[in-house]
1. 7 Å from Cα along Cα→Cβ at both B:Ser260 and A:Arg127: what's the point-to-point distance in nm?
2. If we count GluC sites (Glu not before Pro) as exposed when they sit in a DSSP loop and have at most 15 other beta carbons within 10 Å, what is the longest stretch of chain B that avoids them all?
3. Would you mind telling me the share, in percent, of accessible area of the stretch B:2-213 contributed by carbon and sulfur at probe 1.4 angstrom?
4. So what does B:Lys250 come to for accessible area, using a 1.4 Å probe and Å² rounded to 10?
5. When the chain is fully extended, how far beyond the present Cα-Cα distance does B:Ser150 get from B:Ser212, taking 0.36 nm per residue of separation?
6. Skip the ligands, DNA and RNA, and give the accessible area per residue of the protein assembly as shown with a 1.4 Å probe, whole Å².
7. GluC sites (Glu not before Pro), restricted to the stretch A:144-212: which are DSSP loop and have at most 11 other Cβ atoms within 10 Å?
8. Run the numbers on the stretch B:309-415 and let me know its relative contact order in percent, using alpha-carbon pairs under 8 Å that are six or more apart.
Amino acid sequence: MTIHEYQLSQLDYLEAEAVHVFREVAAELERPVLLFSGGKDSIVMLRLAEKAFWPAPMPFPVMHVDTGHNFPEVLEFRDRRVAELGVNLVVASVPDAIERGLVAEEPNGSRNRIQTPVLLEAVEKHRFSALFGGARRDEEKARAKERVFSFRDDFGQWDPKNQRPELWNLYNGRIHLGESIRVFPLSNWTELDVWHYIQREEIAVPSIYYAHQREVFERDGMLFANNEFCRPREGETTFVTTVRYRTVGDASLTAAVRSDADTVEKVIEEVAATRLTERGATRGDDRVSEAAMEDRKKEGYF
Amino acid sequence: MDLLRFATAGSVDDGKSTLIGRLLFDSKAIFTDQLESVERTSQQRGDEYTDLSLLTDGLRAEREQGITIDVAYRYFATPRRKFIIADTPGHIQYTRNMVTGASTADLAIVLVDARKGMVEQSRRHAFLVSLLRVPHLVLAVNKMDLVDWSQEVFEGIEKEFSSFATKLDVPDLTVVPISALHGDNIVSRSPNMPWYEGPSLLHHLEHVHIASDRNLVDVRFPVQYVIRPQSLQRTDYRAYAGQVAGGVLKAGDEVMVLPSGFTTRIAGIETADGPVGEAFAPMSVTVRLEDEIDISRGDMICRPHNQPAVAQDIDAMVCWMAETPLAPGQKLAIKHTTRSARALVKELQYRLDVNSLHRDDTATQLGLNDIGRVRLRTTVPLLADEYRRNRQTGGFILIDEATNRTVGAGMITSAS
């Protein structure tokens, strides 16, 4: 920050904007919750929430929608971080919901879609009125249209054609009972901004974001780990190579990328040079159709 | 590296999507998978060329209808700056979207087609840019390749636009001749137009001086959230969190808290990373005061000799954003800085024709996308400045109390 010029760096600007959003929600909405997956974006969110209310603790719990398809490194990270911060963790469990009959396993084994009803049930049960999510507009074209305060009706649905205009830094958080707001403090961040911030703030992230040796196999041009959620089919052969994860989602359909980036500096270099978006490179769930994300969001997805 | 937010206005016909596609492509912000997806869609539709507007038109309805409905935000960076583009649709039925995109912009690019010159739409866009007080305006005269790179054509448009702009409040105008399709004067100076001595568009975006656009004179700190840790170590700690809206705050400064009018001094300005010497817009900080005063969200910290108006009678230009019209007698919720109140629409002074700038003082209501001058009476005083003096303390939104929808955006012209 060059104080004498009264001009903020891009990271300071983005941080100030996000902190403003966190405080605005805490001031205006009754029962917020922060969605925390253990992924890098939600880890950055946690840091920003910590900063926004310092020296007081952040005034809301965190929630993990647990698909049961987890990378063990991520789950372990989640529990450690939550313990360090002393915040409450709410877990909305998909396996549990399957057992109770709330949702049914999909034929392809992916739990991406069925986590939505589980999320919505938890929101209703805990009467959460605002959910902080780590989604960024640069991730995906439907997200590029989404507001920082994204209104959801009492079915949790997003109506992209009927969004509230958002001007200056004035956010409209007014809702009726049963409705909610999804709040995206990282809206204006890019993948590279997130990594620059992780570097600047020396934020720890799960080890799978850095290059490591893993047994993988190739499917649809992507590298999947050979683990209990995802086994090679006939004709797919496994091999050990150096990979890292750019995104962390459902372990059954999140792919790794070949990479030697084993430090934050090297990851930044790699992200700056890459010619593929993080979702395009690693997410089977977005490949369903042109509007896969828009359709899922309308149903109440993150 | 700093950050520049800019809005683009124009329609597909003006080559806006091509321009944005070009900026993103040349700065390597378009990724292979995005481009492949666009190429696939273009081929399926039987387009003759890859339609770059598909990159920004993200909603199903937009792709089906081939129009931009909503503001889309795009991101790219060069070694000098990070850029946030608010890509706004150009047609009159989307005035509210352009107003939304312009509200946070440091700069706006208005596109015109060199063959057509200034049209009604260009005037409207320039007017909205000035109404929203976007500090820097760039007129990009596009499709110069189709007028044989003619200096005469360019200068004619430049002259016409400049004389129109003098009627508006445009602090900084730059006019650039470009060809978005061929990349002339986008990243580097074009060999096709040696007569043009100004910067390329990207060079201008990278170098335009924005540090002095912010109001560093009038101290304005809207209290957003009171921080009181309920812990044994910090039993007496009480501080006020917010985002600086104007001026420079320093520890030791004498300040006044509105609306109470009490004065005290700043004991310290804090962040989670430690104390800061000075705070200015748009920093989010926490302010501790020397005396214990009753302060809550919606109050404003300023200087004793430089205060905003404490006003319940508000005159403002309002852009109406709802299907149901605005008319005198209506009651609405208003949100101004961190303060919420109710407002009564006392009077509609005139409706402005955004194309001709003609004031219709016989108008009885404002319809969707209309702009007009309105007088409001609020239930509690607002701590307000003229919008031309400060965009943060001069802007407000209006909310329908029944539907909770944001139905209007206001820019204060006077408050008493």
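1. 3.2
2. Longest site-free region, per DSSP loop and neighbour criteria: B:49-196.
3. With neighbouring chains kept in place, the figure for the stretch B:2-213 is 48 percent.
4. About 80 Å², ignoring ligands and nucleic acids.
5. Once the chain is fully extended between B:Ser150 and B:Ser212, it gains 18.8 nm.
6. I get 39 Å² per residue for the protein assembly as shown.
7. When the GluC sites (Glu not before Pro) of the stretch A:144-212 are filtered for loop state and at most 11 Cβ neighbours within 10 Å, A:Glu202 remain.
8. Computed value for the stretch B:309-415: 39 percent relative contact order.
The values are calculated or read from the model by the stated rules, or taken from the named source; none is laboratory data. Owing to the predicted nature of the structure, the values given are computational and were not obtained by experimental measurement. Neighbour counts run over all protein chains shown; Cβ positions are idealised from the backbone, glycine included. Ligands, DNA and RNA are excluded from the accessible area calculation, which covers all protein heavy atoms including side chains. Shrake-Rupley method; radii C 1.70, N 1.55, O 1.52, S 1.80 Å.
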